[in-house]
Amino acid sequence: MNFSDSEIVVSILEEKGYGSTKDIKEADVIFINTCSIRDHAEQRVRKRLDYMQSLKKKNPHLVIGLLGCMAERLKTQLLEEEQVLDIIAGPDSYRDLPRLMEEVESGGKAVNTMLSAEETYADIAPVRYDSNGVSAYISIMRGCENFCAYCVVPYVRGQERSRDVASILREAGDLFRNGYREVTLLGQNVNSYRWTQDGKTTGFPELLEKAAMINPLLRIRFATSHPKDLSDELLLAMSRHHNICKSIHLPVQSGSSRVLDRMNRGYTREQYLERIDALRIVLPDCSISTDIITGFCDETEEDHSETLSLMEKVEYDYAFMFRYSERPDTLAADRYKDNVPDDVKERRLREIIDLQQKLSYQNNKMDVGKTFEVLVEGFSKRSAEHLSGRNSQNKVVVFRATGNKPGDCVPVKINRFTSATLLGNAV
Ligand code: SAH
Ligand code: SF4
């Protein structure tokens with residue numbers, strides 16, 4: 001999501017005549033796009049600002065701006081805490097950056113952290129500045145109104161709003177004509193995508209099908225699906241199109257209904273598992289990934305074992321696993337105590353990671369002997385004789401190069417695997 005925002009920022013600035021550089025020492029202006037989701041993310045930005053201080057010592061005219069969620073959360077307080085900063089701009093103020101830069105040029109500091117109920121940057125063509133030329137992200141909505149108790153996103157990214165259908169399809173079509181072969185439609189909860197025009201409302205399943213019909217050679221992915229809104233219509237839409245990737249990211253957060261209730265997730269363990277059953281029936285070859293938070297307020301050993309047992313039941317292909325990090329001003333920070341000791345959080349996280357590694361390994365083992373269509377993204381990091389790409393299930397597949405190039409879709413038969421990668425030969 002942040003990466004997608006950075007592409008919008010580059011586009012806005014290039015439009016005003018600014019150029020970008022890969023050499024940080026050459027830059028006259030540096031923008032740091034930030035995330036506030038966990039405390040660790042913010043601490044890393046603070047460290048980065050220490051480095052900025054050293055650059056500014058060498059070049060006192062250097063302008064440093066902080067963008068995104070951390071800017072939104074801390075606003076002008078950041079200017080007091082981090083003297084090195086000249087500009088603070090929240091996620092809905094990127095269009096204002098040229099003006100903020102002028103304000104700094106005429107001496108002083110500049111801040112805009114206004115959130116908007118409408119801004120979707122729909123008319124801005126993102127500059128794909130760090131791209132493999134094959135896959136790209138398209139932001140289809142902004143903000144979130146789910147207010148999960150632990151989460152800072154609704155506060156720092158504002159009201160949920162969808163972007164108009166036509167501009168999304170235009171962007172996907174342009175990418176295809178420019179050689180891209182995969183787009184990922186992005187939103188915090190894509191299942192609540194809704195665009196109404198001339199009395200007609202388009203929901204996410206319909207948008208997805210429209211994107212899939214741009215060209216059968218363009219693969220479509222999406223993230224993230226909130227389990228409470230995962231509809232049968234969506235599953236059926238996925239099943240109707242070969243080029244809608246058979247991979248779904250369905251963050252569960254916890255396997256305990258008690259914890260889910262306190263997290264304000266809007267579903268129980270049973271309801272989540274019912275959705276998984278529906279998914280397995282409609283899309284038997286679909287991979288499932290998830291996000292898990294361990295050590296949320298008052299989480300007991302029993303709650304933790306429920307998370308482990310749910311993971312075993314679902315047999316996730318992949319998981320992003322985090323220890324709970326209390327975020328100021330969220331519902332959980334106001335209502336509950338962050339009372340699971342660090343060493344317990346650490347141990348539970350370890351158990352979850354170990355289990356997931358085992359599950360990923362077992363899932364990959366079952367892929368041996370199967371043939372997948374692999375969209376080539378580039379050469380393998382380890383060897384220039386091997387290409388690397390992904391199958392529809394979003395698994396990384398590495399195979400010996402035989403004259404194929406990035407953007408090609410190659411059938412590959414799997415003969416080896418690790419818990420992170422499938423290996424095989426083109427057939
Ligand atoms: N909109 C997505 C998630 C976006 S944030 C969804 O609802 O699933 C990505 C992930 O960060 C979340 O799924 C959650 O697992 C994790 N996360 C969010 N807030 C957190 C916090 N305070 N501590 C630890 N992990 C957190
Ligand atoms: Fe955060 Fe929940 Fe919104 Fe995801 S759905 S961004 S976890 S509030």
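The values are calculated or read from the model by the stated rules, or taken from the named source; none is laboratory data. All values reported here derive from a predicted model rather than from experimental measurement. Heads up, the Cβs are rebuilt from the backbone with ideal geometry, glycines too, and the neighbour counts pull from every protein chain shown. Ligands, DNA and RNA are stripped out before the accessible areas are found, and what is left, the full protein with its side chains, is counted by its heavy atoms. Shrake-Rupley method; radii C 1.70, N 1.55, O 1.52, S 1.80 Å.
General remarks:
- Scanning region 300-328 for residues that are away from ligand 2 (no atom under 16 Å from the Cβ) and within 22 Å of the chain's Cα centre (by Cα) yields a total of 6.
- Any hit, region 389-404, residues being in the same structural domain as Pro154 (by TED's automatic domain parsing) and touching a Ser or Thr at 6+ places or on another chain (Cβ under 6 Å): no
- From the options Glu15, Glu7, residue that is more than 19 Å from Cys144 (Cα to Cα), in contact with a Lys or Arg (Cβ under 8 Å, 6 or more places away or on another chain) and at pLDDT below 95: Glu7
- The residues listed here are Gln159, Gln197; of these, the one that is open to solvent by 70 Å² or more (accessible area, probe 1.4 Å) and either within 16 Å of ligand 1 (Cβ to nearest atom) or under 28 Å from Met263 (Cα atoms) (or both) is Gln159.
- Summed over region 379-397, residues that are surrounded by fewer than 18 Cβ atoms within 10 Å (Cβ to Cβ) and either at positive phi or more than 21 Å from the chain's Cα centre (by Cα) (or both) total 7.
- Region 223-235 residues that are under 14 Å from Asn146 (Cα atoms), paired with ones that are of a type in the set (Val, Ile, Thr) (beta carbon under 7 Å, 6 or more apart): Thr224/Val190; Ser225/Val190; Ser225/Ile248; Pro227/Val252
- Test for Asn146: is it more than 16 Å from ligand 1 (Cβ to nearest atom), polar (S, T, N, Q) and open to solvent by 30 Å² or more (accessible area, probe 1.4 Å): no
- Residue within region 358-376 that is touching a Lys or Arg at 6+ places or on another chain (Cβ under 7 Å) and within 13 Å of ligand 1 (Cβ to nearest atom) present: no
- Entry remark, region 311-327: residues being outside any strand (DSSP E or B), closer than 21 Å to Ser257 by Cβ and within 16 Å of ligand 1 (Cβ to nearest atom) number 4 in total.
- Strands (runs of 3 or more DSSP E) completely within region 105-223 that count 2 or more residues being hydrophobic (A, V, I, L, M, F, W, C): 110-112, 135-139, 182-186, 219-223
- One residue alone among Val153, Val190, Val165 is open to solvent by less than 20 Å² (accessible area, probe 1.4 Å), outside the structural domain of Gly389 (by TED's automatic domain parsing) and over 18 Å from Leu250 (Cα atoms), and that residue is Val165.
- Residue list for region 19-39, filter: of a type outside the set (Lys, Arg) and out of contact with any helix residue (DSSP H, G or I) (no Cβ under 8 Å at 6 or more places or on another chain): Gly19, Thr21, Asp23, Glu26, Ala27, Asp28, Asp39
- Extreme residue, nearest to Gly90 (Cα to Cα), among residues of region 18-69 that are among the aliphatic types (A, V, I, L, M) and within 16 Å of ligand 2 (Cβ to nearest atom): Ile37
- Within region 202-225, the set of residues being of a type in the set (Lys, Arg) and within 16 Å of ligand 1 (Cβ to nearest atom) comprises just one member, Arg221.
- Meets criteria (basic (Lys, Arg), more than 16 Å from ligand 2 (Cβ to nearest atom) and more than 21 Å from Ile37 (Cβ to Cβ)) for Arg194: no
- Restricting region 258-310 to residues that are among the acidic types (Asp, Glu), part of a loop (DSSP other than H, G, I, E, B) and within 19 Å of Lys337 (Cβ to Cβ), the residue that is least open to solvent (accessible area, probe 1.4 Å): Glu299
- Checking each residue in region 236-267 for being among the β-branched types (Val, Ile, Thr), within 16 Å of ligand 1 (Cβ to nearest atom) and without any contact (Cβ under 8 Å) to a residue 60 or more places away in the chain picks out Ile248, Val259.
- Residue within region 89-101 that is aliphatic (A, V, I, L, M) and under 19 Å from the mean Cα position of the chain (by Cα) present: no
- Qualifying position, being touching a strand residue (DSSP E or B) at 6+ places or on another chain (Cβ under 8 Å) and over 30 Å from Cys69 (Cβ atoms), among Val374, Val282: Val374
- When Leu236, Leu185 are screened for being open to solvent by less than 20 Å² (accessible area, probe 1.4 Å), assigned by TED's automatic domain parsing to the domain that holds Asp277 and either aliphatic (A, V, I, L, M) or within 19 Å of Glu373 (Cβ to Cβ) (or both), only Leu185 passes.
- Residue, farthest from ligand 2 (Cβ to nearest atom), within region 229-257, restricted to residues that are part of a strand (DSSP E or B) and β-branched (Val, Ile, Thr): Ile244
- Of the set (1) more than 16 Å from the chain's Cα centre (by Cα); (2) within 16 Å of ligand 2 (Cβ to nearest atom), all apply to Gly108 but (2).
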